[in-house]
Amino acid sequence: MTSFALLFNAPIAVQIHVAGAVPALLLTPLVLWRARRDRLHRLAGYGWVLAMAVTAISSFWITGFGVVGPFSPIHLLSVLTIFGLVTGVRAAIRKDMRGHRAAMTNMSWGLAAAGLLNFLPGRLTNRIVLDGAGWDGFTAVVVLAVLAGGAVWWMRRATGANHA
């Protein structure tokens, strides 16, 4: 049974991190696949950038498994995310849509990878969503993610939609 009590009892940095990550995950399909230069795309994009910034910055206070001092390799992803946000927003301001699209798409892949890694056994997301199902639960999530990604790719290819 899913219990959010674990999240509500987690350190505030973890709660802030989740509060940024969930909207970022939910907004990703909208900002990637919405027609460009569209008002909804722009508004959702502002929200996505803010959510990603909150997620990346808050990660520096999550130091439970430090490798180099309090930091782990996942913190490198946060640095790359902040760099990517600046690069992507700058590109949009300069009307460099190719650079904007590349930066935002790359960060979306990073968000997907980080999201999947949160389902590893022992992680809070695994305990909350999968009730601590361990490697079986993680494997199921990865298989579902691959199937969902394949379905989206196939549908976009079949309809002739441009890649985001």
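Only one residue of P11, V89, A24 has its Cα farthest out toward the positive end of the dipole of the chain, where Lys and Arg carry +1 and Asp and Glu -1 on Cβ, and that residue is V89. Specify, per residue and in Å³, the volume enclosed by the convex hull of the alpha carbon atoms belonging to region 1-43. Given the Cα convex hull of region 1-43, per-residue volume reads 82 Å³. Under the criterion of Cα pairs below 8 Å and six or more residues apart, the relative contact order for region 35-164 equals 12 percent. Taking every Cα-Cα distance in region 70-131 and sorting them into 10 Å bins starting at zero, the pair-distance distribution P(r) comes out as 22, 38, 26, 13, 2 percent. Note that region 1-134 presents 62 Å² accessible area per residue, ligands and nucleic acids not counted, probe 1.4 Å.
Which of these values of Rg and Dmax of the Cα atoms in Å was calculated from the structure shown: (1) 14.2, 42; (2) 19.1, 58; (3) 16.8, 49? Step by step, Rg and Dmax of the Cα atoms in Å for this structure corresponds to label (3).
What FRET efficiency do you get for T139 and A13 if R0 is 25 Å and r is their Cβ-Cβ distance, rounded to the nearest 0.05?
0.30
Angle between the Cα long axis of helix 97-117 and the longest principal axis of the chain, 0 to 90 degrees, nearest 10? Long axis of 97-117 versus the principal axis of the chain: about 20 degrees.
The values are calculated or read from the model by the stated rules, or taken from the named source; none is laboratory data. This is a predicted model, so every value here is computed, not measured. Here the Cβ is made from the backbone with ideal geometry for all residues, glycine too, and neighbour counts use every protein chain on show. These area figures cover heavy atoms from the full protein model, side chains too; ligands, DNA and RNA do not enter into them. Shrake-Rupley method; radii C 1.70, N 1.55, O 1.52, S 1.80 Å.
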